[in-house]
1. Round to the nearest 0.05 the FRET efficiency obtained for residue 7 and residue 120 when R0 = 35 Å and r is the Cβ-Cβ distance.
2. For a Förster distance of 22 Å, can you work out the FRET efficiency between the beta-carbons of residue 18 and residue 93, rounded to the nearest 0.05?
3. Calculate how large, on average over all directions, the projected area of the Cα convex hull of region 150-192 is; give the answer in nm² to one decimal.
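Where a number appears in this text, it was derived from the coordinates with a stated rule and is not lab data. Keep in mind it's a predicted model, so treat the numbers as computed, not measured. Cβ placement follows ideal geometry from the backbone for every residue including glycine, while neighbour counts extend to all protein chains displayed.
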């Protein structure tokens with residue numbers, strides 16, 4: 001059930017993207033609510049997984065993959081709609097590609113993505129509840145207000161729409177900054193974490 005909820009976010013994402021491009025201003029404003037639902041489903045699948053004891057490696061990796069797809073698609077779409085700078089999706093894509101590749105090797109060491117962090121400051125920046133919640137909230141506010149901005153610009157252009165847009169842009173840059181801050185420890189610790197990678201892989205292949 002939890003994995004079904006996770007995967008259901010993909011078709012909802014596609015609907016949202018279509019509505020952002022072809023919907024009327026009213027529909028675009030309503031789409032902001034759908035974006036919020038899309039985000040809340042990420043919490044729901046985790047709650048369901050724990051309640052039904054469906055927590056596992058497949059579910060966790062699937063959840064991460066879908067989260068990344070949604071994040072990247074929305075950043076690219078909002079940049080294409082001229083709501084944010086194209087620099088933001090570029091930052092997120094580069095950071096995500098590097099960090100996700102490094103984290104992918106954590107399984108070789110029998111570690112979780114967060115468990116691979118070796119320093120206290122690294123764990124605090126990457127895995128602490130405060131940082132994860134702050135990053136998640138900044139993205140949620142940015143994604144929702146950007147969609148609302150699109151509708152407001154068509155319905156009530158002027159200071160009201162501009163004010164919401166300002167909030168959306170500020171939150172987008174905050175999210176981009178947190179993206180870099182949370183990714184930096186992973187990149188800085190990567191050389192020491194991966195230095196004996198080939199040896200570890202050879203040992204596992206002979207077992």
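1. Once the sixth-power term is evaluated, E becomes 0.45.
2. 0.50
3. Answer in nm², one decimal: 3.3.
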